[in-house]
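Written below as structure tokens is the structure these notes are about.
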Amino acid sequence: MSEYSPLKLMARSGEDITMLSALLQDALLASADMQYIASEKVFVCLLNRYCREAEKDAPQRRLCGLKIGQVEKVQTRQIASEKGQFYNLLSIGYVEAENLLILTFSGGAAIRVYIGEIMLTLRDVAEAHPSFARPVHG
């Protein structure tokens with residue numbers, strides 16, 4: 001059980017996306033846990049984020065949901081449809097001139113999300129749980 005409150009954040013600007021990107025760096029995402037719902041213009045995914053707010057304690061992760069609204073189109077690169085495939089999120093970038101979010105993963109995989117406007121919501125959906133290790137960047 002974590003002593004930290006669950007996060008519930010919204011991003012409405014480029015600066016907000018930079019903050020969400022830092023918060024979600026090293027989050028793990030399963031290919032089975034992402035979906036573009038064209039009829040609702042949303043892209044949703046479940047991520048297992050590394051809890052940087054608890055770094056002084058034992059390493060922890062927490063399941064969170066990310067919802068991107070006002071989605072016009074989604075393109076993927078090197079994202080497999082197999083249910084057992086996992087991806088390590090490196091960053092979320094925003095290209096203002098194209099209204100484009102780019103989720104970049106280790107190994108060259110990426111998701112490009114074309115949006116009408118910035119409308120992201122991140123919410124923790126489960127209690128923190130022990131992580132096997134702290135992420136290391138070389």
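The values are calculated or read from the model by the stated rules, or taken from the named source; none is laboratory data. Keep in mind it's a predicted model, so treat the numbers as computed, not measured. Here the Cβ is made from the backbone with ideal geometry for all residues, glycine too, and neighbour counts use every protein chain on show. For accessibility, only protein heavy atoms count, side chains too; no ligands or nucleic acids. Shrake-Rupley method; radii C 1.70, N 1.55, O 1.52, S 1.80 Å.
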Has region 76-94 got any residue that is at pLDDT 95 or above, farther than 20 Å from residue 63 by Cβ, assigned to a strand (DSSP E or B) and of a type in the set (A, V, I, L, M)?
no
Considering only region 100-111, state which residues are open to solvent by 50 Å² or more (accessible area, probe 1.4 Å) and farther than 17 Å from residue 27 by Cα.
none
Among the numbered criteria (1) touching a strand residue (DSSP E or B) at 6+ places or on another chain (Cβ under 7 Å); (2) more than 19 Å from residue 9 (Cα to Cα); (3) of a type in the set (Asp, Glu), which single criterion is violated by residue 57?
(1)
Show the residue pairs meeting these rules: Cβ distance below 8 Å; 6+ apart or different chains; first residue within region 47-70 and under 19 Å from residue 88 (Cβ atoms) and without any contact (Cβ under 8 Å) to a residue 24 or more places away in the chain; second residue outside any strand (DSSP E or B) and open to solvent by less than 60 Å² (accessible area, probe 1.4 Å).
48/27
Would you confirm, using the coordinates I've provided, whether residue 44 is open to solvent by less than 30 Å² (accessible area, probe 1.4 Å), touching a Lys or Arg at 6+ places or on another chain (Cβ under 7 Å) and of a type in the set (Val, Ile, Thr)?
no
Against the conditions (1) touching a residue at least 60 places away in the same chain (Cβ under 8 Å); (2) in contact with a Cys (Cβ under 8 Å, 6 or more places away or on another chain); (3) among the aliphatic types (A, V, I, L, M), where does residue 28 fall short? Just the number, please.
(2)
Filtering region 7-31 down to residues that are assigned to a helix (DSSP H, G or I), surrounded by fewer than 18 Cβ atoms within 10 Å (Cβ to Cβ) and among the hydroxyl-bearing types (Ser, Thr, Tyr) yields 18
